[in-house]
Structure formats: C-alpha cells, structure tokens
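> I have a structure here, written as structure tokens, and I will follow up with some questions on it.
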Amino acid sequence: MKIAFIAAIPMDRLAGDHRIAETMSLPLGPLYVASSLQSIEKDHEIRFFNPGGEMRAFGPDVVAVSAVSQNFNEAIRIAHNVKQWGDVVTVIGGPHITALPETLPKSFDYGVVGEGEKTFIELIRYLKKRGQSHSFKPENINGLVYHEGDKNVINPAREEVSPMDVLSFPDRHTWAARLGVAHIMTSRGCPFHCSFCSEPVLWKKYRTHSVDYVIREIRDIQRHFNPPHLLIADDLFIVDKKRLITMAERFEATGLNQEMAFSAWGRVNLVDEDMIDILRRMNLIYMAFGIESGSESVLKHLKPGVSTAMDQRAIDLCYDAGIKVGCTFIIASPEETTEDLERTYKFIKRNMNKMTGIEINPCIPLPGTPLWEWAFRKKLVSLDMNWDQLKDYSVFTHFDPKAYIVLNPHFHEKKYQDFFHKLSELYREYLERPDMRELILSYWNPRSETMAFRS
C-alpha cells in the first residue's frame, strides 16, 4: 500500500513568523507511527509530505493527517480534497481527535485516538485484508473511531505503550531532508496536571525511555545529521533526578556533552542547586519554564504547586549558572484581575535581562483540559464550533482580539486593556533585542532554516 503522512497546518501560517513556529521541527508523532509500521511490515511505500505539499501524484491508498484542535479545519480541508481523488482512505490522528473522538468528520474514514503506533498498524492490516478475513474488523481495533451509518463508533481505549523502548526510533534519515530544530523525546506524559494543558489527553501516564535507548537515538541523529544542538522535547524533562544523574554520567562517559549542547523544559518547583549541577554536566544551555503568571492567586488555578517565589528562584539559579532561560506566560485566564495582569507585567519587566526567550499567550481553552470543560459549561465553546478560534498566539504581536474567545470578564475594561497593550509593547521590546538572534542560532542547525521532508 502507498501511505502518505502530512501535518495539517493552514497555508496562512506558512509565511512570516508563523512559518518558523509551525515548521521549526519535524512532527515526531507521525514519524513514530510510520517507523513502527515500517519495522514490522516492509511492503508499504511510505512518504511524508511537507505542509501544503502536493500528494496526488504519489497516488496514495491511505492519507494519514495529524492535527491539533487549532488546525482541525485545515485537516478537514485536506481530507475533503483527498476524497475527490477517488477511493482513498483518510485517517486523522493527534491531540484533537484524541480529546474529542465524537467530532470525527465525514471526510475522514477513521480516527486514531491516543498513541497511534499499534492502532495504526492494526488499521493498515485490516485495510489490506478487507473482505478476505472475518477476523479483521474495525470494531476489534482498540483506540479507533469510525463511522457506522450516521453514528460515530468509538472503540475502547488502547493501553499505553510499555515499556517505551519497544518503539522504533523515528526514522528521520529516511524521510527528512532537514531537521530544522533537531529534537528528541525521552519520555511521554507529565505527572503534573495544569488546567490549560492538553498533553495529559494524549499521554495518560508518565513513562520514560531507558538511558541506553536515549543515547542510541542521539547517536543515530548525530550519524545522519550531526546537529550542534538537540532540543529534548519532553513535556517535562527533569521529573526524575536519579534518571538525570545516570544520564549525566553516561553523557560524560561517552563524550556527548562535549559534542553537542542541549535544551529542555523544566518546572520551577523541581529546580535546586543539585539539579542545576546535573544539567550543566549534561551541557544543557537553555531551560524553558512555564511561569504562567506573576500572581499567586492565578497560579493556584493554572498551575497548582508552584509560587512566584519558586519562579524567581528557578530563573535566578539558571541565570547565575550560565543557563539561558525561556519563560512562557498565560494572560486573560478566567480568574485573572487587572491587578493580577499588572503583577505579570512587573514580573516580566523585572526579569527581562535574565530571560532569553519570552512567550506571552492569551488563554486558550483546548479540548480535554479543565479549562475546556469550564468554557463548555459557559457555552463559550462547542463541538461544532469554528476550530480556528482556538489558534495559539505564541507570536504575541499577531494577536487578533476579533478572532479570540474571551474567557476573562475584565478583558474589555479600559484598565485591563491598558496593561494588555503595555505587555504587547514589552514583547516588541524583547523581539528587538540582539540576543534574540543568539537564541535562534543556538537552536538552529546552521545548515538549515526549517524542517523539510524529502520530495
């Protein structure tokens, strides 16, 4: 069978600053799925297509689309166009269909819910044997949603992959021409549950690859691409200190920490002097934190278990150790007051010289989160809504209030808007700083600007 994979990214987000954000790195989820299939069944012709790429000449039997909620309309558009070609099976995977399997549109034949490696393999086997065997039926495939007449049938959930090391490495060198930001996932999931984060929908449990597996995958990336920097794209890398100590020891023993630099996501309540020492031994040069707010009361709603004092201490420890710091903030959450927003503004202003990376994100109710459930009860979102309204504004200067679902009751008040605009000006000031270029160069493989699959 000919199988085409493509990530749903709207064409208007493939230009300007959006292009960098949307195509900065390869989509590892579909690569894991394709690599798992290829490792077991060798008789398929698999190709990945760049966003906006032309798939029709390939003549696929199956088109597999991955999508988050904010790009779900684009996924539907892709599937609708594919269906005009004739008898092509369309499959949707990713966070959106996992959170809301009941929203499977008619343009898709199947949806893969949750981790897709085993489900997709079983689906392809079923498609190969349709009409030949009564034992291969869609109702026997856990983790699948499909149509039966006018109804969507949602099969039982599939168990999470365990142990994680049974997975094949994402086969980057077969399908990728450029990595963009080279990255790896050494774990899935997060033991913490923030009200705005949709990751727990996709990864039900926190699980890790062994240190041996991680080093083998890094060596595989080095052998084929040799990037100077590797982003460890775990939802939260620093969960297990004992594992990190073992990893640091192995990095030192193998010389990895002399051959490339690393960056990762952390959480402020897990950072102390010992953790900083471990990360420096690994040659970790950049740590990102979800600070979220400068207000204690807002943090209690968004990210229980942390405080502004912990935020400040983590930033200071990294800065003093020479580790660059990136911080993300969420504004306009339902409980935020004008005074809370002012505290966030002052926190950013106070730490501007210590933060190399800054993201300011208006609060978005993503499906599967407690925030979505709240917005659903308030009838601010629905299952038949325009999914474009959930688009993220990680490039804060592109924020469009006319297309935004307002969750905050103070949002339109003058004093609140005054601080909103002050934050926007502060963000523009940050974008004009010379160390922004330094940050980009520390992430990017100098030989490539953005990721690209082989044509």
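> Just need a number here: residues in the range 143-184 that are among the charged types (D, E, K, R) and more than 22 Å from the chain's Cα centre (by Cα). Step through it out loud before you land on a result.
Our first condition is that a residue be among the charged types (D, E, K, R); within the range 143-184, this holds for 148, 150-151, 158-160, 165, 171-172, 178.
Narrowing the set further to residues that are more than 22 Å from the chain's Cα centre (by Cα) leaves 148, 150-151.
Looking only at that region, the number is 3.
> Enumerate the strands (runs of 3 or more DSSP E) found wholly within the range 73-171, keeping only those where 3 or more residues are under 20 Å from E45 (Cβ atoms) and of a type in the set (S, T, Y).
Here the list is empty.
> Mind listing whichever residues of the range 346-363 are hydrophobic (A, V, I, L, M, F, W, C) and in a strand (DSSP E or B)? I'd like the intermediate steps shown before the answer.
Initial filter on the range 346-363 (hydrophobic (A, V, I, L, M, F, W, C)): 347-348, 352, 355, 358, 360, 363.
M355, I358, I360 - these are the residues of the range 346-363 that are hydrophobic (A, V, I, L, M, F, W, C) and in a strand (DSSP E or B).
Matching residues to (1) under 30 Å from Q389 (Cα atoms); (2) surrounded by fewer than 16 Cβ atoms within 10 Å (Cβ to Cβ):
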{"position": "T103", "(1), (2)": "yes, no"}
{"position": "Y110", "(1), (2)": "yes, no"}
{"position": "L127", "(1), (2)": "no, no"}
{"position": "K137", "(1), (2)": "no, yes"}
{"position": "G143", "(1), (2)": "yes, no"}
{"position": "D150", "(1), (2)": "yes, yes"}
{"position": "V153", "(1), (2)": "yes, yes"}
{"position": "L167", "(1), (2)": "no, no"}
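> Test K129 against the criterion of being of a type outside the set (A, V, I, L, M) and at pLDDT below 95, and give yes or no. Reasoning before the result, please.
On the way: of a type outside the set (A, V, I, L, M): yes; at pLDDT below 95: yes.
Considered against the rule, which asks whether it is of a type outside the set (A, V, I, L, M) and at pLDDT below 95, K129 comes out as yes.
Rundown of residues vs (1) small (G, A, S); (2) farther than 20 Å from P304 by Cβ, yes/no style:
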site: E342; (1), (2): no, yes
site: Y345; (1), (2): no, yes
site: I360; (1), (2): no, yes
site: L366; (1), (2): no, no
site: F376; (1), (2): no, yes
site: S382; (1), (2): yes, yes
site: N408; (1), (2): no, no
site: E429; (1), (2): no, yes
site: E432; (1), (2): no, yes
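> Something else about it: In the range 403-425, how many are closer than 17 Å to K391 by Cβ and in contact (Cβ under 8 Å) with a residue 60 or more places away in the chain?
The first filter runs over the range 403-425 and keeps only residues closer than 17 Å to K391 by Cβ, leaving 403-407.
Those still in the list that are in contact (Cβ under 8 Å) with a residue 60 or more places away in the chain too: 406-407.
Counting residues in the range 403-425 that are closer than 17 Å to K391 by Cβ and in contact (Cβ under 8 Å) with a residue 60 or more places away in the chain gives 2.
> Name the one entry in A57, A64 that is in contact (Cβ under 8 Å) with a residue 60 or more places away in the chain and not assigned by TED's automatic domain parsing to the domain that holds W387. Spell out the reasoning first.
Working: A57 fails: in contact (Cβ under 8 Å) with a residue 60 or more places away in the chain.
Result of the check over A57, A64: A64.
> State whether one or more residues within the range 355-373 are of a type in the set (G, A, S), farther than 30 Å from I76 by Cα and touching a residue at least 60 places away in the same chain (Cβ under 8 Å).
To start, the set of residues in the range 355-373 that are of a type in the set (G, A, S) comprises 357, 368.
From the residues that got through so far, the ones that are farther than 30 Å from I76 by Cα too are 357.
Narrowing further to those that are touching a residue at least 60 places away in the same chain (Cβ under 8 Å): 357.
There is at least one residue in the range 355-373 that is of a type in the set (G, A, S), farther than 30 Å from I76 by Cα and touching a residue at least 60 places away in the same chain (Cβ under 8 Å).
> Mind checking which residues of the range 289-298 are crowded, with 22+ Cβ neighbours inside 10 Å and over 18 Å from I358 (Cα atoms)?
Step one: of the range 289-298, the residues crowded, with 22+ Cβ neighbours inside 10 Å are 289-295, 298.
The answer is V298, and nothing else.
The values are calculated or read from the model by the stated rules, or taken from the named source; none is laboratory data. Bear in mind the structure is a predicted one, so any value in this text is a computation, not a measurement. Ideal geometry is used to build each Cβ from the backbone, glycine not excepted, and the neighbour counts take in all protein chains shown.
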